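> After the structure tokens below, expect a handful of questions from me.
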Amino acid sequence: QVQLVESGGGLVQAGGSLRLSCAASGLTFGRYTMGWFRQAPGKERDFVAAIIWTSANTFYADSVKGRFTISRDNAKNTVLLQMNSLKPEDTAVYYCAARWGTYSAYERRYDYWGQGTQVTVSS
């Protein structure tokens, strides 16, 4: 059974930082592209960042480029999202997702999802 478990969310002031972690089990982690998505209240779930299995390529939404960094540790089956210079508009539930295959920004192309972790940025 595949499980993705996010952690690290919380409340932070604008300009602050948070690091999200996603622990994966039940899959051959090193073969999957890992992504982060987020969903703000009343909005659709949006792509945030993704990293392919070799870590050679990372991809970001324009809204987070230069502020967020995605990384992975295939030995620990973990993917991280370092979020700096946070803004109130970054407030959302953040989801970790796994995709068998190469990079995609489309949530429908991801095979497995975590339950999400809340990030709240106060102004």
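> At Asn57 and Val2, where each label point lies 7 Å from the Cα along Cα→Cβ, what is the point-to-point distance in nanometres?
Inter-label distance under the simple model: 2.0 nm.
> Among Thr91, Val79, Gly66, pick out the residue whose Cα is farthest towards the positive end of the charge dipole of segment 15-123, where Lys and Arg carry +1 and Asp and Glu carry -1 on C-beta, about the Cα centre.
Sorting the options by dipole projection puts first Val79.
> Please tell me the relative contact order of the chain in percent, rounded to the nearest whole number, where contacts are Cα pairs under 8 Å and at least six residues apart.
Relative contact order, the chain: 36 percent.
> Moving to a separate point now. Which one, Pro41, Gln13, Gly114, projects farthest toward the positive side of the charge dipole computed for the chain from Cβ point charges (K/R +1, D/E -1)?
Of the candidates, Gly114 comes out farthest on the positive side.
> Shifting gears a bit: Taking the Cα centre of segment 54-116 as origin and charging only Cβ (+1 Lys, Arg; -1 Asp, Glu), how large is the dipole, in debye to the nearest 20?
120 debye
> Here's a follow-up. Which far-off residues, 5 or more places away or on another chain, put their amide H under 5 Å from the one on Gly16, with H placed in the peptide plane?
Leu86
> Here is a follow-up. At a Förster distance of 22 Å, what's the computed FRET efficiency of Gln82 paired with Ser123, Cβ-Cβ distance as r, to 0.05?
With a Förster radius of 22 Å, E is 0.55.
> Further, regarding this structure: Check cross-link reach from Lys65 to the aspartates and glutamates: straight Cα distance under 13 Å, and skip same-chain residues fewer than eight apart.
Leaving aside aspartates and glutamates fewer than 8 places away in the same chain, those within reach of Lys65 are Asp90.
> OK, next. Dipole magnitude of the chain about its Cα centre, charges +1 at Lys/Arg Cβ and -1 at Asp/Glu Cβ only, in debye to the nearest 20? Display every interim value, and only then the final one.
Working: 13 positive and 9 negative charges, 35 e Å.
Taking the Cα centre of the chain as origin, the dipole is about 160 debye.
Throughout, read-outs are computed from the coordinates displayed, never taken from laboratory work. Note that the structure is predicted; figures quoted are calculated from it, not measured. Note that each Cβ is placed from the backbone with ideal geometry, even for glycine, and that neighbours are counted across all protein chains shown.
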